[in-house]
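**Q** One structure is given below, represented as C-alpha cells, and several questions about it will come after.
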Amino acid sequence: MSVKIREKRGKLYLDIYQNSRRSWEALHLTLTEDKDTNKALWRMAEICRAKREMQILSGAWNIQDTTAGRESIADYAVKVAAMPKRCTNIKTCAEKLKQYKGGSTYLSAINSEWVRNFQKYLEYESGLALSSASAYSTALRTILNQAVKDNVILRSPAKNVPRITAPEKMIEFLSIEELKALYSAANNPIWQECARAFFFGYYTGLRISDLRSLTWGMINMNPLQLVKIQKKTSMPVYIPLAPQAWSLINDGLEHLPNVCIFSLPCYSTTLKCLDKWVAAAGIKRRVRWHLARKTFATQSLEAGAEIYTVAKLLGHHGLEQVTRYAEATNKLKRAAVERLPTFNK
C-alpha cells in the first residue's frame, strides 16, 4: 500500500495504490508561478497525504483514526443520518446535538459522563416528550456504534450508560364494530381509494409505504398470494390473499406488471382523506394507516393464528412485537383461562 503526491498539469493529486489497485484523488491544489506559494502548497499536500494514509491504515489494520476523531459529535451525526436506510430519529438526534451546548465536543473526547449529560438534556431541558427523548437516546447509540465501525473511536462510551426508557404504549386496534362502520362509509369518491387501500392493508398487514409501491407484478395467481420486498426492512414477505382482499383489487382487467394497484395521493393528503372518512363513519378517535396493520395482527391472533405465523406475515424477524399484539387482546386471555379444567364434586 502506498500514498504518493503527483503533479499533473500544475495540479496536485494523491496517487493511491492499495490491494493491487491504483486510484487518484484530487487535492484541489494548483501550483502557481510563486516559489514560496508552491512550497506552502506542497506542505499542505503532504499533510493531506499523511492523513489519507492514516485513514487507509486504520481501516486495514483496525487501529483508531485519530484524525477523524477530531470531528465534532454533531457534525459526525449529520454524516450518519445521511447514510442509506437510516431512520428519521437519527436525523432529528443530529439536530438536537447541534442545539446542545456539548454538541461541538470532539468524538475522541466523548465519554460516559458526556452521554449522561446529553440524556439529561433530552429528558429534562429539551422540552421533548419522554417517548421522543427515549428514541433519541437510542439514536445516539446508533451514531456512536457507527463511529466504532468507522474506527473513529475504539469503544462506544454509551455502552454502560442506561438509556432513557419510556412507558410502553398501549397497542391500539379497531373493533369489528368500527370496521363495519368504516366499510359502510367507504363509498364516498373523496376517500374511496384511501378506504380501499386501508382495508387491503387490514387484510394483508401491509404498511402504507408498501401499499403505495404495490404493483400488479407482485400478485401471484397460482396460488393467489402477494410477494413483496418490504420498503422498510428490504426483506421479502409472502402473504396469501383471502377472497376479501382479492375482491378489493380485482377489476377483471389485464394490467402491466409495473403498474401500481392503488392510486394514492401524497401522504399528507391521504391523512386528510382518512380523517374525513373516519368522521363520516362516526368514529371519534384518530385513525392512522398503521392501525390497519395492528388490527390485522390482533384479529389474526384472536382467530387462532399462531404467533410465529403472524410474525412471518408481518415481516418481523422475531416474536417480540407480535407478543405485544397478543397481550393487547382480552379475547386470547379469556380463551386461555377458559381452557382450564373444571372439577366436579
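The values are calculated or read from the model by the stated rules, or taken from the named source; none is laboratory data. Being a predicted model, the structure only gives us computed values, none of them experimental. Positions of Cβ are backbone-derived with ideal geometry, glycine not excepted, and every protein chain shown enters the neighbour counts. Heads up: the accessible areas ignore ligands, DNA and RNA and are worked out on the full protein's heavy atoms, side chains in. Shrake-Rupley method; radii C 1.70, N 1.55, O 1.52, S 1.80 Å.
**Q** Given the options 197, 147, 133, 139, name the one that is buried (at least 16 other Cβ atoms within 10 Å of the Cβ), among the small types (Gly, Ala, Ser), touching a Cys at 6+ places or on another chain (Cβ under 8 Å) and not in a loop (DSSP other than H, G, I, E, B).
**A** After applying the criteria, what remains is 139.
**Q** Got a number for residues in the stretch 219-268 being in contact (Cβ under 8 Å) with a residue 12 or more places away in the chain, part of a strand (DSSP E or B) and either closer than 17 Å to residue 194 by Cβ or open to solvent by 80 Å² or more (accessible area, probe 1.4 Å) (or both)?
**A** 3
**Q** A further question on this structure: Can you find even one residue in the stretch 57-68 that is at pLDDT 85 or above and among the β-branched types (Val, Ile, Thr)?
**A** Checked against the condition, which is being at pLDDT 85 or above and among the β-branched types (Val, Ile, Thr), the stretch 57-68 yields no hits at all.
**Q** Give me the residue from the stretch 100-124 that is out of contact with any Phe, Trp or Tyr (no Cβ under 9 Å at 6 or more places or on another chain) and open to solvent by 80 Å² or more (accessible area, probe 1.4 Å) and, out of that set, farthest from residue 150 (Cα to Cα).
**A** Per the criteria, the residue is 124.
**Q** Which one of these does residue 44 not meet: (1) under 26 Å from residue 70 (Cα atoms); (2) in a strand (DSSP E or B)?
**A** Against the list (1) under 26 Å from residue 70 (Cα atoms); (2) in a strand (DSSP E or B), residue 44 comes up short only on (2).
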